[in-house]
Amino acid sequence: MANLKDIKNRIQSVKSTQKITRAMKMVAAAKVKKAENTVKMSRPFTNELTAMFKKLLMSVGTYSAQSLKIKSPIDNYPELLQVRDTKTVGLLVITSNKGLAGAYNANVVRKTLQTIKDYKEQGIETILFVVGQKGISTLKRKCKELNCEIAKTYLGVANNPSAEGAKLIIEDIADYFVTHKIDKIEVITTRFKNMMSYFVENWTILPLKGVNDDYERLHDNILEPLMEFMPDMHNILQKIVPMYMTNILYQSLLEAQASELASRMTAMSAATSNAEKMINELSVEYNKTRQFAITQEIIEVVSGANAQLG
């Protein structure tokens, strides 16, 4: 049986841990509500922009870069809309910078590794773009085993998702796509559902041409108004395509942040409850040990007295 000092030290240690987990739960709970509201407010804009973009592509017909001033790969919208034979896929993996978020990061990394293996079986190579320190540290080790490459890493946007940060990532991805280093780009992220659940999903960003099929399927037998473009449709598409891509990535970052905070709040709530249960169990063990020690002392005193009287 453990001595009283050891049990008391364990109780104090668990209480200290409980204070930390309770504080982390409260911080996550305060942040997750704001993140949830941001996600819910941004979804209608994302849906409307996507619908408008699909409608715009339906109206354009052919793509041309002849009248465009192309300063960077993101401006080369005709190339971004091209569907090519897939030889190399770029995977943009969104994780967090911090741990203690339950299985959040592990689920994203597991989905990434499975996706890499699936593409490898098809003879398709993968190049990774990783957001978040947890994903970077784990995937660097795993990529040595799976023979995949991490091209770019990003830390700042994991804690503070922003349209500016999303645009920087999109510019890197567009450069790899336009220069034919990758033929397709997928985002592996989480879609926030509620405080208790989220789903790990693959979102395809490039190529963009496939959105026409969805639009045609959803708008069969609907008479659409004729669209007129000023100054011309190619200059408008040159502005809309980067906006659409950036917004899709920004939405995925917001969804990931809300999922991370919800997962952390749930994990810290469970850890706090488990700590309370452990403290109660240790307190019972402490009292039993103390009672046993007192009983032993009484027996020794009585035995000594009887021996003297005898």
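Nothing in this text is a laboratory measurement; each read-out follows from the coordinates by a stated rule. If you're wondering where the values come from, they're calculated on a predicted model, not measured in any experiment. Neighbour counts are summed over all protein chains in view; Cβ atoms, including those assigned to glycine, are modelled from backbone coordinates with ideal geometry.
Observations on the structure shown:
- If R0 equals 30 Å, the separation of the Cβ atoms of Arg84 and Lys142 corresponds to a calculated FRET efficiency of about 0.65.
- Rounded to whole Hz, the Karplus (6.51, -1.76, 1.60) HN-Hα couplings of the range 17-24, x for glycine and proline: 5, 4, 4, 5, 5, 5, 5, 5
- Structure note, pairs Lys40/Lys181; Lys19/Lys142; Lys33/Lys184; Lys40/Lys140; Lys134/Lys184: Cα-Cα distances above 31 angstrom occur for Lys40/Lys181; Lys19/Lys142; Lys33/Lys184; Lys40/Lys140.
- Alpha carbon convex hull of the range 63-264, volume per residue in cubic angstrom: 140
- Candidates Thr95, Ile188, Ser162 compared by Cα position along the dipole of the range 63-264: farthest toward the positive end lies Thr95, with charges placed on Cβ.
- For the chain, built as a Gaussian network whose Cα springs stay under 10 Å, the top-fluctuating residue of Phe192, Phe292, Phe53: Phe292
- DSSP loop trypsin sites (Lys or Arg not before Pro) with at most 11 other Cβ within 10 Å: longest gap in the chain: 72-310
- Between Thr179 and Asn37, the FRET efficiency from the beta-carbon distance, with R0 = 25 Å, is close to 0.05.
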